[in-house]
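Worksheet: the structure to be examined is printed underneath.
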Amino acid sequence: MREEMKAAGIEVASNAGFHAPMESYDKVTEKLLTEQGFSHFISFMDATDSRLPFFAAPVDTNSQLKHSLVVLPRTQGGPEDSEDDEGPGNVLKTYLAELDLAEKMASLSVVRIPNQSMLGAPELKVFFEDMKTRQGHMWIATGSQTANWWRERERVKTDLDTLSTVPLLTVTIDKGEPLQQAVTVLVNLPEIGSALRLASKDYNPKTPKVIAVDPWRAAVVLKGLDAGTYRWQLYFDRAVVSNAK
């Protein structure tokens, strides 16, 4: 396949992704893709019960992690995958409705979007206009970016000690380059509307940014942190309610 595409003048990256035609694949496919140095593999939904990404082979070291094959199970059908007889317009509506539900749940969506679409021009226009409206509040990424994000996620280990006088968050980042993706730790707040504040337990030159996700949760953003172990004490500032009129 690589040789045929090269002969046709189509450059294929050494760590490209792969999607098996007609969903025809097995463990041998994963083995060959790993040996050929592919970065990721877009699989059908039944690859795992949870539809979460996973590694095709066990990962023991960071060097293997960097070059490992990430399997990305599709989480929902794409706008062209349904066999709905009612026409492409209704199929697209179903796809966008499922994407709306995934967005409300803040979940990861892996969808196959062919570059040669069978959708008509009106449906493609609706599709791309809808994607533009989501850019401000959703991370829209390629398969390669998602695979790299999963590799970085695998390097991060977290522990929250709630038995201490002050809750203690410990984050360990395995050896390697500083985190490039915005890996986050979600913390449930003890009271609605309270704010999370971090204080360094050790001397940490880099204090991660804390972002309010909603009235019940806050996100500790670990982007840019070097490898090592970090500890932060968690303080929750109560919301100030005024009854003054």
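Let me test this: with uniform point scatterers at the alpha carbons of the chain, what is the Debye-based log₁₀ I(q)/I(0) at q = 0.15, 0.16 1/Å?
-1.19, -1.27
Can you give the relative contact order of the chain as a percent, counting alpha carbon pairs under 8 Å and 6+ residues apart?
Relative contact order for the chain comes out at 14 percent.
Cross-link partners among lysines for Lys27, C-alpha distance below 28 Å, same-chain residues fewer than 8 apart left out?
Cα-Cα hits under 28 Å: Lys6, Lys66.
Largest first and in whole Å, give the semi-axes of the stretch 117-245's equivalent ellipsoid, each being the square root of 5 times a Cα gyration tensor eigenvalue.
Sorted largest first and rounded, they come to 34, 24, 10 Å.
I'd like the orientation of helix 143-155 relative to the chain: the angle between its Cα long axis and the longest Cα principal axis, in ° from 0 to 90, rounded to 10.
The two axes meet at around 40 degrees.
For the stretch 168-233, count all C-alpha to C-alpha pairs, find those more than 16 Å apart, and express that count as a whole percent of the total.
46 percent
Accessible area of the stretch 142-210 with a 1.4 Å probe: how many percent of it is carbon plus sulfur?
Exposed carbon and sulfur together represent 50 percent of the surface.
Which distance in Å, rounded to a whole number, links the C-alpha centroids of the stretch 214-238 and the stretch 7-55?
What the calculation gives is 34 Å, centre to centre.
On a C-alpha basis, how far is the centre of the stretch 115-157 from the centre of the stretch 164-195 in Å? Whole number, if you could?
If we compute the Cα centre of each part, the gap is 26 Å.
For Ser107 and Ile140, calculate 0.36 nm times their separation in residues minus their Cα-Cα distance, and state this gained length in nm to one decimal.
Computed gain between Ser107 and Ile140 is 10.7 nm.
Of His67, His19, which has the most accessible area and how do the rest follow, probe 1.4 Å?
Ranked from most to least accessible, the order is His67, His19.
Could you give the angle, 0 to 90 degrees to the nearest 10, between helix 121-134's Cα long axis and the longest principal axis of the Cα atoms of the chain?
20 degrees
Over the chain, average the accessible area per residue using a 1.4 Å probe and give it in Å², no decimals.
Spelled out: the 1.4 Å probe surface of the chain, per residue, equals 65 Å².
Let me check something: with ligands and nucleic acids excluded, how do Met45, Met105, Met5, Met118 order by accessible area (1.4 Å probe), largest to smallest?
Sorted descending by solvent-accessible area, the residues read Met118, Met105, Met5, Met45.
Taking Lys125 as the anchor, which lysines have their alpha carbon closer than 25 Å to its alpha carbon, excluding any fewer than eight residues away along the same chain?
Lys93, Lys104
Among the lysines in the stretch 132-245, how many pairs, 8 or more places apart or on different chains, have alpha carbons under 19 Å apart?
Lysine pairs meeting the criterion: 10.
Multiplying the sequence separation of Asn115 and Asp226 by 0.36 nm and subtracting their Cα-Cα distance, what value in nm do you get?
Net length gain for the segment: 36.3 nm.
Taking the Cα centre of the chain as the origin and placing charges on Cβ (Lys, Arg +1; Asp, Glu -1), which of Ala212, Met118, Tyr95 is farthest toward the positive end of the dipole?
About the Cα centre, the residue reaching furthest to the positive side is Ala212.
The values are calculated or read from the model by the stated rules, or taken from the named source; none is laboratory data. Computed from a predicted model, the values in this text were never measured in an experiment. Virtual Cβ from ideal backbone geometry, glycine too; neighbours counted across all protein chains shown. Heads up: the accessible areas ignore ligands, DNA and RNA and are worked out on the full protein's heavy atoms, side chains in. Shrake-Rupley method; radii C 1.70, N 1.55, O 1.52, S 1.80 Å.
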